[in-house]
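Some notes on the structure that comes next.
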Amino acid sequence: MTTAFTPFDIAAFVWFLAMWFGQAWLTEHSPWAKHSLTHFINIGRHGWVRQTATRELRMVDTAIVAGLQNGTAFFASTSLLAIGGGFTLLNSVDHAVGVVSALSDLTATDRTAFEYKVVGLLGIYAYAFFKFGWAYRMFNFGSILLGALPPPAEAETKEMDKAVARASSIIVVAGTNFNRGLRAFFMSIGYLGCFLGPIPLIASSTFIAVVLARRQFTSNAVKAMRRYE
């Protein structure tokens with residue numbers, strides 16, 4: 001095990017994880033989650049499926065699902081490209097270490113430490129790929145459940161209520177996993193600070209977490225949703 005990782009390096013990495021999963025908790029499970037942009041969009045997802053149930057022709061809804069699937073597939077493919085780029089970086093460690101050393105005197109130029117950091121970056125993109133892949137599958141299931149909705153004539157029946165609840169719940173799960181994959185992408189930008197040292201990692205991960213929290217709770221988008229709820 002390399003000795004390039006000091007207790008401060010480890011503490012900075014723990015801080016990075018705390019920023020990542022703390023932001024996820026704040027948005028998804030905290031007492032303030034009901035005030036997040038994600039919460040309002042989930043309400044919109046339920047409303048969308050309810051409106052779909054009242055329509056005879058549902059081509060618009062299938063087109064919406066197709067668009068969501070295409071966006072998810074794009075990010076899943078991007079995750080694989082990023083993983084490939086990480087493996088390419090592992091094959092050019094000596095050159096990369098030289099570049100990083102020229103950028104900052106705060107970081108050790110230890111080859112093994114650099115490789116571990118790249119592996120960490122690969123882990124983030126692998127996590128993102130699995131989240132995007134699961135989101136794609138859930139959108140696929142959601143499209144099937146939308147197609148299984150009873151005809152509008154049964155709009156006020158228990159069967160319709162159950163069908164709407166099933167479809168909307170799966171679509172919410174898809175959106176949640178998509179958001180988690182996208183959050184991993186954003187946090188990977190903050191993770192890049194580790195290549196410059198523990199202080200840049202703490203600063204960059206904190207900055208990204210604050211930006212994500214702001215977008216969820218105080219951005220113009222969430223203000224608009226609150227204004228017209």
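The values are calculated or read from the model by the stated rules, or taken from the named source; none is laboratory data. Since the structure is predicted, the reported quantities are computational estimates derived from the model, not experimental observations. Don't worry about glycine lacking a Cβ; one is built from the backbone with ideal geometry, like all the others, and counts go over all protein chains shown. These accessible areas exclude ligands, DNA and RNA; they are computed on the full protein's heavy atoms, side chains included. Shrake-Rupley method; radii C 1.70, N 1.55, O 1.52, S 1.80 Å.
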Q) If you go through segment 27-36 one residue at a time, do you hit one that is of a type in the set (A, V, I, L, M, F, W, C) and crowded, with 17+ Cβ neighbours inside 10 Å? A) no
Q: Look at ALA203 and say whether it is closer than 25 Å to TYR116 by Cβ and in a helix (DSSP H, G or I).
A: yes
Q. Pick from ILE208, ILE170: which is in a helix (DSSP H, G or I), within 30 Å of ASP61 (Cα to Cα) and touching a Gly at 6+ places or on another chain (Cβ under 6 Å)?
A. ILE170
Q) Looking at segment 126-157, which of the residues that are open to solvent by 60 Å² or more (accessible area, probe 1.4 Å) and among the small types (Gly, Ala, Ser) is modelled with the lowest pLDDT? A) ALA153
(Q) One residue is enough: does segment 115-131 have a residue meeting the conditions outside any helix (DSSP H, G or I), aliphatic (A, V, I, L, M) and in contact (Cβ under 8 Å) with a residue 12 or more places away in the chain? (A) no
Q. With respect to ILE202, is the statement that it is in contact (Cβ under 8 Å) with a residue 12 or more places away in the chain and either under 26 Å from PHE139 (Cα atoms) or over 15 Å from the mean Cα position of the chain (by Cα) (or both) true?
A. yes
Q.
So, in segment 218-229, exactly how many residues are open to solvent by less than 30 Å² (accessible area, probe 1.4 Å) and assigned to a helix (DSSP H, G or I)?
A. 1
Q. Condition test on LEU149, is it hydrophobic (A, V, I, L, M, F, W, C), in a loop (DSSP other than H, G, I, E, B) and in contact (Cβ under 8 Å) with a residue 12 or more places away in the chain?
A. yes
Q: Go through segment 177-196 residue by residue and tally those that are open to solvent by less than 30 Å² (accessible area, probe 1.4 Å) and within 17 Å of the chain's Cα centre (by Cα).
A: 8
**Q.** Residue count, segment 7-32 (criterion: assigned to a helix (DSSP H, G or I), closer than 21 Å to GLY175 by Cα and of a type in the set (Gly, Ala, Ser))
**A.** 2
Q.
Just to be sure I understand, how many residues within segment 1-26 are within 15 Å of the chain's Cα centre (by Cα) and open to solvent by 50 Å² or more (accessible area, probe 1.4 Å)?
A. 3
Q: Take MET160 and decide whether it is open to solvent by 30 Å² or more (accessible area, probe 1.4 Å), over 22 Å from PHE74 (Cβ atoms) and assigned to a helix (DSSP H, G or I).
A: no
